[in-house]
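Asker: There's a structure below that I have some questions on.
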Amino acid sequence: MKRLLADITNTVSLSEQQLGKVTRAFKTVQLAKKDHLPFFGKKADALHFIESGLVRVYFLDQGAREITVQIGMEKMWLNNLHSYITQTPNKHYVEILRPTVLHQIRKEDLDELVQKIPALETFMRIKIQQAYARLMERTLEQTNLTVEERYLAFQRKYARIEAMVPQYIIASYLNVSPEHLSAVKNRMLNR
């Protein structure tokens, strides 16, 4: 839980006693490559922090094509905030790309913890604001940038993991076909 506690204490100050309460509220889950979290069709009733590993969040469009909306790695939160906040069924799938350790906290446990440790409400507000800012940035990228510009933005954000993620997933994240992404990469190499 080292990375989770660091994420919290880098944002808000907590006493050792409060950190102990936080540690006890989270459950650790170990997942193997190719596992799927049981998200689809269920209300998001927990928040997840990636201690280690690599995951992707995707949905199926009307043509049953996989669209990757998030690639998550260590020190990132993995959640469908829409489902969590509205308590509506989740429309996303979560696939484990590398062996992964997640720390999860159920909604009711977090609500109780926030009552006991008000600084956690500040922490959650900041994390939700950051998630919203990332969502808006991604939306603007998808609507305003060319495929090449989106790929360059992907490389800047995910340089460490590009080699670990199959090209079809990167193409799906960029909302292009794998063939189109290959053509873009070839054009960039030949300049």
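Asker: Name all residues of region 135-166 having a backbone nitrogen under 14 Å from the label point set 7 Å from the Cα of ARG191 along its Cα→Cβ direction, giving them as ranges.
Answerer: 146-156
Asker: Set the Förster distance to 30 Å, then compute FRET efficiency between LYS75 and ALA183 from the Cβ-Cβ distance, nearest 0.05. Write out the running numbers ahead of the final one.
Answerer: Values: r = 33 Å, r/R0 = 1.11.
So, using R0 = 30 Å, E works out to roughly 0.35.
Asker: Could you name the lysines in cross-link range of LYS27, using Cα to Cα under 24 Å and dropping any fewer than eight places away on the same chain?
Answerer: The qualifying lysines are LYS2, LYS42, LYS43, LYS75, LYS91, LYS107, LYS116, LYS127.
Asker: Compute the length gained on full extension between ARG3 and VAL147: take 0.36 nm times their separation in residues and subtract their Cα-Cα distance, giving the result in nm to one decimal. Provide the component values of the computation, followed by the final result.
Answerer: Details: separation 144, 0.36 × 144 = 51.84 nm, distance 3.36 nm.
Stretched fully, the ARG3-VAL147 segment lengthens by 48.5 nm.
Asker: Across region 4-17, in residue order, what do the Karplus-derived ³J(HN,Hα) couplings come to in whole Hz, using 6.51 cos²θ - 1.76 cosθ + 1.60 with θ = phi - 60° and x for Gly and Pro?
Answerer: Karplus-based 3J(HN,Hα) across region 4-17 equals 4, 5, 5, 4, 5, 6, 6, 10, 9, 8, 10, 6, 4, 4 Hz.
Asker: Then there is this: Please compute the per residue accessible area over the chain with all protein chains in place, 1.4 Å probe, rounded to a whole number of Å². Could you put the intermediate results ahead of the total?
Answerer: Details: 10850 Å² over 191 residues.
So the chain comes to 57 Å² accessible per residue, rounded to a whole number.
Asker: Provide the FRET efficiency to the nearest 0.05 for the THR139-ALA32 pair, computing r from the beta carbons and using R0 = 30 Å.
Answerer: Numbers: r = 33 Å, r/R0 = 1.09.
FRET efficiency, THR139 to ALA32: 0.40.
Asker: Extension gain ILE161-ARG98, at 0.36 nm per residue separation less the Cα-Cα distance, in nm?
Answerer: Values: separation 63, 0.36 × 63 = 22.68 nm, distance 1.10 nm.
Extra length available between ILE161 and ARG98 comes to 21.6 nm.
Asker: Can you compute the helix-only [θ] at 222 nm over the chain? Use -39500 (n - 2.57) per DSSP H run of at least 4 residues, normalise by all residues, nearest 500 deg cm²/dmol. Could you put the intermediate results ahead of the total?
Answerer: Details: 8 runs with 92 residues, N = 191.
Computed mean residue ellipticity for the chain: -15000 deg cm²/dmol.
The values are calculated or read from the model by the stated rules, or taken from the named source; none is laboratory data. The structure displayed is predicted, hence computed values, not measured ones. All Cβ positions, even for glycine, are placed from backbone atoms using ideal geometry, and neighbour counts span all protein chains on display. For the accessible areas, the whole protein counts, side chains as well, though only heavy atoms, and no ligand, DNA or RNA atoms are used. Shrake-Rupley method; radii C 1.70, N 1.55, O 1.52, S 1.80 Å.
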